[in-house]
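Asks: Just dropping this structure here.
Every number here is computed from the coordinates shown, using simple stated rules; none is lab data. Please read these numbers as outputs of a predicted model, since none were measured by experiment. Positions of Cβ are generated from backbone atoms using ideal geometry, with glycine treated the same way; all protein chains shown enter the neighbour counts.
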Amino acid sequence: MRPLEGTVVLEFCQFLSGPSAGLRLADLGARVIKIERPDTGDLCRQLYIGNLDYNGESALFQTINRNKESYSADLKHPGQLQDIKRLIGQADVLIENFRPGTMEKLGLDYESVKAINPRIVYASVTGYGKEGPWRDKPGQDLLVQSLSGLVWLNGDSDQPPLPFGLAVADILAGAHLVQGILACLVRRGRSGEGGLVEVSLLESLLDFQFEVFTTYLNDGGRPPQRSSINGAHAYLGAPYGIYETQDGYIALAMGSVLKLGELLGCRELSAFADPKEWFARRDEIKTILAAHLRSRPTREWLALLESADYWCSDVLTWEQLTEHEAFKALDMLQVTRASGGTAFKTTCCPIRMNGIRLKSPKGAPRVGEDSRKIAAEFGFTPS
């Protein structure tokens, strides 16, 4: 039995942050019901990445909405809104990630929902919080990354600000929302009290940067200084970074520059005996390392370093990763099928329970696919 079996989650969400939270709750056993507008549904159904299509809809939608049900309703229709309130009365969790004010206009804000179901855990994701001058800005991942300062931590010092190549704000906010939901469910199990959980994309990215942002706050407000070569962390010294070799790349983490020079046979590094120089003169050190490491293949360097327990790794492509026995041992892939659909390969929940990998073959639903079944189970006839 999965830990959230018997828990009913209503998901009033689009795109990635809220649905990613719903996905994790579904992986953990919850029954997640997407509330979607008739016909079009979640706009993410038509948000394509890499132009990858699955049964006429976005593969992205399939990725983050597997193992869910879909109930379609026009929330501006009084009768259908009343049907949704009937669902709310029997639900455990409600998730929404609309712009601030949207749920209030529908009469589905926390106070209104709490009046229907005092035990409900109401979870909300916004872009920048519900107060302040950025309240109504679009909560889009690239925009939030750009406002958060995160983009000044990536790349080399002569490069422009560089964003992450994935929706890191959405994914982190969804994970934080799940943490808050689970905490409220634990409290409700003890006291019977529901609660309001709120996160924003911006706050999640600020928390994501807590190590380096705290350094900035306590270091006289000095901005991060990226390396001019092989940048990987604005606040760490040499050798931290990824280096080209004769036939590929190698990643070097924290470690003694002197020991590294001895292991690699790079005599020039013996000049940097003071550990404080490993940050202050990191560009010089990295320049020497970069030239030296290009002289031999990756596997030879790895053999020297790994035998001495020096922190390093190969730099793999997805093709190399998925063919590796270490990846296969993780068992991180699964195949799902939507009703009437073909096989769809995707990742699965990264959490194990009692040694068991949490997988589900159920793919993402069609818009309103489960409406009649849900209404019958919850004891009403759809309007």
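Asks: Once you've got the Cα coordinates, tell me which of Lys328/Lys359; Lys85/Lys105; Lys105/Lys130; Lys259/Lys286; Lys85/Lys114; Lys114/Lys373 are over 20 Å apart.
Replies: Correct reply: Lys114/Lys373.
Asks: List the aspartates and glutamates whose Cα sits under 18 Å from the Cα of Lys137, skipping any in the same chain fewer than 8 residues away.
Replies: The qualifying aspartates and glutamates are Glu96, Glu104, Asp170, Glu198, Glu203.
Asks: With a 10 Å Cβ neighbour count serving as the proxy for reagent exposure, in which order, fewest first, do Val212, Val32, Val113 appear?
Replies: Least to most surrounded, the residues fall as Val212, Val113, Val32.
Asks: Along the Cα-to-Cβ line of Asp156, 7 Å from the Cα, sits a label point; which residues in the range 207-237 have backbone N less than 12 Å from it?
Replies: Only 227-232 fall inside the zone, counting backbone N under 12 Å.
Asks: May I ask you to list the aspartates and glutamates whose Cα is less than 14 Å away from that of Lys68, ignoring any residue fewer than eight positions away on the same chain?
Replies: Lys68 reaches Glu5, Glu11, Asp27, Glu36, Asp42, Glu369, Asp370.
Asks: What is the fewest-to-most order of Thr215, Thr347, Thr63, Thr245 by other Cβ atoms lying within 10 Å of their Cβ? Mind dumping the intermediate values first?
Replies: Values: Thr215 14, Thr347 10, Thr63 22, Thr245 19.
So the residues, fewest neighbours to most, are Thr347, Thr215, Thr245, Thr63.
Asks: How much net charge surrounds Ser17 when only the other residues with a Cβ under 11 Å from the Cβ of Ser17 are counted, with Lys and Arg +1 and Asp and Glu -1?
Replies: With Lys, Arg at +1 and Asp, Glu at -1, the neighbours total -3.
Asks: Follow-up. Work out, step by step, the length gained on full extension between Gln82 and Lys259: first 0.36 nm times the residue separation, then minus their alpha carbon distance; give nm to one decimal.
Replies: 56.8 nm
Asks: Give the percent of DSSP beta bridges with both residues in the chain that are antiparallel, rounded to the nearest 5.
Replies: Antiparallel bridges: around 40 percent, rounded to the nearest 5.
Asks: Round to the nearest 0.05 the FRET efficiency obtained for Thr381 and Asn55 when R0 = 30 Å and r is the Cβ-Cβ distance.
Replies: After rounding to 0.05, the efficiency reads 0.50.
Asks: If I stretch the segment between Ile356 and Arg119 completely, what's the gain in nm (0.36 nm per residue apart, minus their alpha carbon distance), one decimal? Could the numbers behind the result be given before it?
Replies: Numbers: separation 237, 0.36 × 237 = 85.32 nm, distance 3.08 nm.
Gain on extension, Ile356 to Arg119, equals 82.2 nm.
Asks: Follow-up question, since we're still on this one. How much length is gained on full extension from Thr342 to Tyr48, taking 0.36 nm per residue of separation minus their Cα-Cα distance?
Replies: Here the answer is 104.0 nm.
Asks: Same structure again: What is the sum of charges around Leu162, taking Lys and Arg as +1, Asp and Glu as -1, for the other residues whose C-beta is under 13 Å from the C-beta of Leu162?
Replies: Details: positive: Arg226; negative: Asp156, Asp158.
Summing Lys and Arg as +1 and Asp and Glu as -1 gives -1.
Asks: Among all helices in the chain defined by DSSP H, which have a length of 20 Å or more along the axis from Cα atoms plus a Kyte-Doolittle mean of at least 0.0? Mind showing how you got there, number by number?
Replies: On the way: long enough: 168-191 (34 Å, 0.87).
For the chain, where a helix must reach 20 Å along its axis and average at least 0.0, the hits are 168-191.
Asks: Another question, if that's okay. For log10 I(q)/I(0) by the Debye sum over Cα atoms at q = 0.06, 0.07, 0.10 Å⁻¹, several values are listed as (i) -0.50, -0.55, -0.67; (ii) -0.40, -0.51, -0.78; (iii) -0.31, -0.42, -0.78; flag the one computed from this structure.
Replies: (iii)
Asks: How big is the range 241-322 by the Kirkwood estimate over distinct Cα pairs, in Å?
Replies: It works out to 13.0 Å.
Asks: Ranking Trp134, Trp278, Trp311 by Cβ neighbours within 10 Å, fewest first, what do you get?
Replies: Trp311, Trp134, Trp278
Asks: Right, next: Would you tally the net charge around Lys286, using a Cβ to Cβ cut-off of less than 15 Å, leaving Lys286 out, and scoring K and R as +1, D and E as -1?
Replies: Details: positive: Arg226, Arg281, Arg282, Arg294; negative: Asp156, Asp158, Glu244, Glu268, Glu277, Asp283, Glu284.
Cβ neighbours under 15 Å give a net charge of -3.
Asks: Let me ask you something else. Can you give the FRET efficiency to the nearest 0.05 for Val335 and Ala290, using r as the Cβ-Cβ distance and R₀ = 41 Å?
Replies: Plugging the Cβ-Cβ distance into 1/(1 + (r/R0)^6) gives 0.45.
Asks: Using DSSP to call loops (not H, G, I, E or B), can you name the GluC sites (Glu not before Pro) in the range 293-383 whose Cβ has at most 10 other Cβ atoms within 10 angstrom?
Replies: none
Asks: From the Cα gyration tensor of the range 152-249, with a ≥ b ≥ c the square roots of its eigenvalues, which class applies: rounded if a/c is under 1.5, or else prolate if a/b is larger than b/c, or else oblate?
Replies: prolate
Asks: Amide H of Asn154 versus every other amide H placed in the peptide plane: which residues, excluding those fewer than 5 positions away on the same chain, fall under 5 Å?
Replies: Counting only residues 5 or more places away or on other chains, the set is Leu162.
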